[in-house]
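Written out below as structure tokens is the structure these notes cover.
The values are calculated or read from the model by the stated rules, or taken from the named source; none is laboratory data. Bear in mind that the values here come from a model prediction, so they are computed numbers and not experimental data. Reconstructed Cβ throughout: ideal geometry from the backbone, glycine too, with neighbour counts over all protein chains shown. Keep in mind that these areas ignore ligands, DNA and RNA; they rest on the heavy atoms of the full protein, side chains included. Shrake-Rupley method; radii C 1.70, N 1.55, O 1.52, S 1.80 Å.
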Amino acid sequence: MSKNQIRSIKGTQDILPAESLKWRVLEKKIHDTMELFNYGEIRTPAFEKTELFDRGVGLQTDIVTKEMYSWIDQGGESLTLKPELTAPVSRAYVQHSLGVQKPLTKLYYIDALFRRERPQKGRFRQFHQFGVEAFGSEHPEIDSEIISIAVTLFKELGLKDISLKLNSIGSENCRDKYKDELKKFLKPYLKDLSASSQKRFETNPLRILDTKSLSDIEIIKNAPTISNFWSNEDKVHFDELCELLDTLKIKYEVDSNLVRGLDYYSRTTFELISPSLGAQNAICGGGRYDKLVEMIGGKPTPGIGFAAGIERIMMTLKNYTDKNSIDIYVVGIGPKVRQTVFALADELRQSNLSTECDMLRRSIKSQLRDANKIGAKYAIIIGDKEFENKLVEVKNLNNGEQEKVAIKSIISHMTSLSF
Ligand code: HAM
């Protein structure tokens, strides 16, 4: 590697053509699935005011304390590359009064996000999410719809071995009482907890529940469970959601330690886990955020959604066989036919046939080799002699069959073939 060579930034990736084709297949599946569920696509700016994430995601969260790409712009304002999309989509929901037009506003997105995390398998500094957000209903019907979107999509994609973890972290009052009890329980073990859990004891004790440290896990085994602190309404909400999931035949495992890492959640939380992903095994995570819209200056509006990591989905999809193929390769031999090759390629494309032709002035042999390499189905060969007789050669590159066709009828001939 030359000393002068500039390389991409750690934790970012180039998606090259062979790989981007897989992305397109996945993106199409997402758009088709979202159409089935009647969700509208939303696209928000790449950066927002830092305050949106401070207030929305929470000052004590990992994202806000250490992972945001923030800077002061020339106008003196603190701006941030979006590290997640629930807060920006909620901001757009409020700003454009979307709830006035639709009491239940259902949105989805596919977008790039930025977090300064430690890069490793399945964890990047620029990554992509497909996410869904629904505003306006506090009822468990929408919770079950949101969960079933994730399950339907992953089933469609043929992902196996995925398990759904489900919890409710209750509403605000219950959480405050629970936090006090949890701290009371943990206090005698404080010095035995991992350094990050010790820090969270004061700032965000609930997050200790999803620690990865084995010794912490041993300690919290006997901690009080949040379901014992649910209000009656919280319990009814969770039970009704479970019944709806049973009706939809969606299997789940209740995990009372699933609290998630963003501060806006209340009641339902869930994650889809794929064991084949290794340490970063959460393919998708989400939950209810009934206070978020209010926290960023809107009218109280319940919301629920999830986001799935596209890179992680890609890692689980090994069996894509789509080949990047084109319909026709126009092979030209010699300077006399060069213009005709170009004009014909242009006309074929206008007739909706994907077409390639040589621009490196190569020999017929290497043009045909190139045609095979890129998976062209037919080659149209224009040689000097045929050209004088106003003929071209059409070669089926799958079975090798060849025929002469009058140049004036080549377009109608090619469009009549099956591709
Ligand atoms: P999250 O759990 O932070 O939630 O991210 C959701 C998913 O994005 C993860 O399950 C994972 O698949 C993927 N992901 C997160 N960080 C990375 C990374 N550094 N590299 C690769 N993939 C990553 C949220 O972002 C919430 N906004 C989800 C939500 C939507 N909750 C309600 N609505």
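Quick rundown of the values:
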{"read-out": "Qualifying residue in segment 351-360 (condition: open to solvent by 40 Å² or more (accessible area, probe 1.4 Å), of a type in the set (S, T, N, Q) and farther than 11 Å from Asp327 by Cβ)", "value": "no"}
{"read-out": "Those helices (runs of 4 or more DSSP H) lying entirely in segment 337-395 with at least 1 residues among the acidic types (Asp, Glu) and farther than 27 Å from Ala18 by Cβ", "value": "338-350, 384-388"}
{"read-out": "Filtered residues of segment 78-100 (kept if in contact (Cβ under 8 Å) with a residue 40 or more places away in the chain, open to solvent by less than 10 Å² (accessible area, probe 1.4 Å) and not hydrophobic (A, V, I, L, M, F, W, C))", "value": "Glu84, Pro88, Ser90"}
{"read-out": "Residues of segment 408-419 that turn out to be open to solvent by less than 50 Å² (accessible area, probe 1.4 Å) and modelled with pLDDT under 95, as a count", "value": "1"}
{"read-out": "Criterion violated by Tyr289 - all others in (1) at pLDDT below 95; (2) within 8 Å of the ligand (Cβ to nearest atom) satisfied", "value": "(1)"}
{"read-out": "Residue list for segment 272-308, restricted to those being in contact (Cβ under 8 Å) with a residue 40 or more places away in the chain, farther than 23 Å from Glu27 by Cα and in a loop (DSSP other than H, G, I, E, B)", "value": "Gly278, Ala279, Tyr289, Asp290, Lys291, Ile296, Gly297, Gly298, Lys299, Thr301, Pro302"}
{"read-out": "Conditions (1) near the ligand (Cβ under 9 Å from one of its atoms); (2) not assigned by TED's automatic domain parsing to the domain that holds Leu59; number of the one not met by Phe342", "value": "(1)"}
{"read-out": "Among (1) touching a Phe, Trp or Tyr at 6+ places or on another chain (Cβ under 6 Å); (2) polar (S, T, N, Q); (3) outside the structural domain of Leu241 (by TED's automatic domain parsing) - the single one Thr301 does not satisfy", "value": "(3)"}
{"read-out": "Helices (runs of 4 or more DSSP H) wholly inside segment 114-228 that include at least 1 residues being open to solvent by less than 20 Å² (accessible area, probe 1.4 Å) and within 19 Å of Gly287 (Cβ to Cβ)", "value": "140-156, 172-186"}
{"read-out": "Top-ranked residue in segment 46-84 [being among the small types (Gly, Ala, Ser) and part of a loop (DSSP other than H, G, I, E, B); ranked as nearest to Tyr265 (Cα to Cα)]", "value": "Gly58"}
{"read-out": "Residue tally, condition out of contact with any strand residue (DSSP E or B) (no Cβ under 6 Å at 6 or more places or on another chain), surrounded by 12 or more Cβ atoms within 10 Å (Cβ to Cβ) and assigned to a loop (DSSP other than H, G, I, E, B), over segment 15-45", "value": "3"}
{"read-out": "Residues of segment 245-271 classified as buried (at least 21 other Cβ atoms within 10 Å of the Cβ), assigned to a loop (DSSP other than H, G, I, E, B) and of a type in the set (Phe, Trp, Tyr), total", "value": "2"}
